[in-house]
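Every number in this text was worked out from the coordinates using simple rules, so none of it is lab data. As the structure is a computational prediction, the values presented were derived from the model and not from experiment. Positions of Cβ are backbone-derived with ideal geometry, glycine not excepted, and every protein chain shown enters the neighbour counts.
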């Protein structure tokens with residue numbers, strides 16, 4: 001349960017679990033469910049933020065989730081539905097009574113409704129669309145007609161706009177009298193007679209300027225618009241790169257269609273960051289609420305790929321079976337070479353995938369970055385080569401063995417740096433998601449090169 005901030009406590013250091021739901025709260029909610037005490041359940045959940053209520057629905061099992069919705073259902077609003085994990089959102093919507101669902105989504109902005117229903121089955125989509133007023137339904141359906149992951153899906157249709165000839169006073173009077181303004185907005189978009197956006201003015205400037213001043217004289221510099229079919233990742237990048245707060249969206253005729261705000265753009269960035277992390281680990285887009293079957297389905301393919309790469313590395317080892325039999329010490333030291341190369345490759349790979357996602361790694365600097373990673377691998381390789389050379393001498397009493405593992409260490413760490421940057425760059429150039437496929441390729445390269453270099457050098461110089 002989130003702690004309430006008071007003047008006495010707001011400057012105190014927060015505990016790291018300050019924003020974690022208290023087990024005591026969950027226990028009290030379960031007790032209220034067991035006793036069918038609706039008043040107690042409402043009293044416990046009413047003060048909570050919608051995100052905390054969504055967390056509760058995600059953390060309890062399906063049986064308790066149904067009981068919460070039955071007892072607390074009428075209090076569920078659209079913000080709670082927006083916060084719920086995609087994996088159980090459809091289940092929650094199916095459990096809600098139609099009139100409760102209608103009340104929940106009616107107050108949401110159009111972009112939130114689109115985000116709520118775009119991944120649902122058609123039947124569930126129709127249930128929500130039927131609960132909207134005609135004008136809102138048309139706006140949502142039009143947004144859904146745009147390509148997935150586009151600016152048209154991301155924008156909200158509710159826009160605060162004014163003609164370029166208006167004064168500050170006219171704008172203020174309009175905003176005071178108009179009905180249906182967005183709950184949160186930051187700019188008034190200025191348009192010409194054909195509804196082409198030509199600039200925007202912050203609310204702060206409107207409130208601070210004389211009433212007689214023209215809006216077009218206080219427009220913000222650096223104004224830009226987005227097309228409805230533009231990629232949402234490009235939109236999010238622009239928001240982050242140029243420190244934007246909101247921006248208009250235009251159709252194919254450059255007419256104002258909607259507006260994207262910073263919270264939606266940052267959500268896209270967060271989702272892309274999370275997606276990259278999950279894909280680097282080979283777990284797809286899984287969540288804690290997924291069923292066993294769905295989780296297995298997501299992870300099995302990449303475990304199979306890893307099995308194939310492990311078999312390839314084993315085939316390399318099998319070519320030196322006689323060498324390993326003659327020198328048992330090689331079997332002891334082999335995992336060290338492969339492990340060091342794999343870790344070094346993963347380090348470079350993580351940097352590369354993140355740089356590609358943020359567009360910091362481009363054709364203009366790729367060779368400089370590759371040279372840097374190769375040099376980093378060389379320096380690290382030399383340092384650990386010295387350490388492992390001494391280990392080989394002290395442990396096995398063989399300077400030659402120490403020299404072999406030292407050279408193999410240098411080779412593998414240099415190759416790891418090269419592969420860690422090169423593989424994601426090549427995959428990105430051919431249209432494959434680097435976060436999804438790079439790990440298997442880099443691990444394969446470092447394992448094969450590490451084993452081949454170590455065992456090959458041992459066969460050449462020690463036998």
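With respect to the chain, whose longest principal axis is taken over its alpha-carbon atoms, helix 23-34 is tilted by about 60°.
Ellipsoid semi-axes for the range 265-396, based on the Cα gyration tensor and the rule √(5λ), read 35, 25, 12 Å when sorted largest first.
When each of 375, 144, 101, 194 is scored by the number of other beta-carbon atoms lying within 10 Å, the sequence from fewest to most is 194, 375, 144, 101.
Work out how much length residue 262 to residue 462 would gain on full extension: take 0.36 nm times their residue separation and subtract the Cα-Cα distance, in nm to one decimal.
Values: separation 200, 0.36 × 200 = 72.00 nm, distance 6.33 nm.
Gain in length upon complete extension: 65.7 nm.
Mind ranking 405-413, 164-172, 74-82 by how tightly packed they are, going by the mean number of other C-beta atoms within 10 angstrom, highest first? Mind showing how you got there, number by number?
Working: 405-413: 25.8, 164-172: 17.6, 74-82: 19.4.
The peptides rank, most packed first, as 405-413, 74-82, 164-172.
Among 37, 447, sorting on how many other beta-carbon atoms sit within 10 Å of each Cβ, with the fewest leading, yields 37, 447. The relative contact order of the chain, computed from alpha carbon pairs under 8 Å that lie at least 6 residues apart in sequence, is 10 percent.
Report, to the nearest 10°, how far helix 232-242 tilts away from the longest principal axis of the Cα atoms in the chain, using its own Cα long axis and a range of 0 to 90°. Compared with the principal axis, the helix lies near 90 degrees.
Here the calculated FRET efficiency for residue 138 and residue 293, from their Cβ-Cβ distance with R0 = 22 Å, stands at 0.05, rounded to the nearest 0.05.
Label-to-label distance for residue 193 and residue 24 is 6.8 nm, based on points extended 7 Å past Cα in the beta-carbon direction.
Approximating the spin labels as points 7 Å out from Cα along Cα→Cβ, the residue 426-to-residue 371 distance works out to 2.1 nm. Annotation: the range 386-455 has a Kirkwood hydrodynamic radius of 13.3 angstrom, from the mean reciprocal C-alpha pair distance. Modelled spin labels at residue 186 and residue 46, positioned 7 Å past Cα toward Cβ, are 3.5 nm from each other.
FRET efficiency for the pair residue 325 and residue 34, taken as 1/(1 + (r/R0)^6) with r the Cβ-Cβ distance and R0 = 51 Å, rounds to 0.15. The angle separating the long axis of helix 434-461 from the principal Cα axis of greatest extent in the chain is about 10 degrees. The value for the range 23-145 of Rg(Cα) / (2.2 N^0.38 Å) is 1.07. The gain in end-to-end length when the residue 100 to residue 252 segment is fully stretched comes to 50.9 nm, 0.36 nm per residue minus the alpha carbon separation.
Apply 1/(1 + (r/R0)^6) to the Cβ-Cβ distance of residue 175 and residue 440, taking R0 = 56 Å, and write down the FRET efficiency to the nearest 0.05. Each step should come with its number before you reach the end.
Values: r = 55 Å, r/R0 = 0.98.
The computed FRET efficiency comes out at 0.55.
As a ratio to 2.2 N^0.38 Å, the alpha-carbon radius of gyration for the chain is 1.30.
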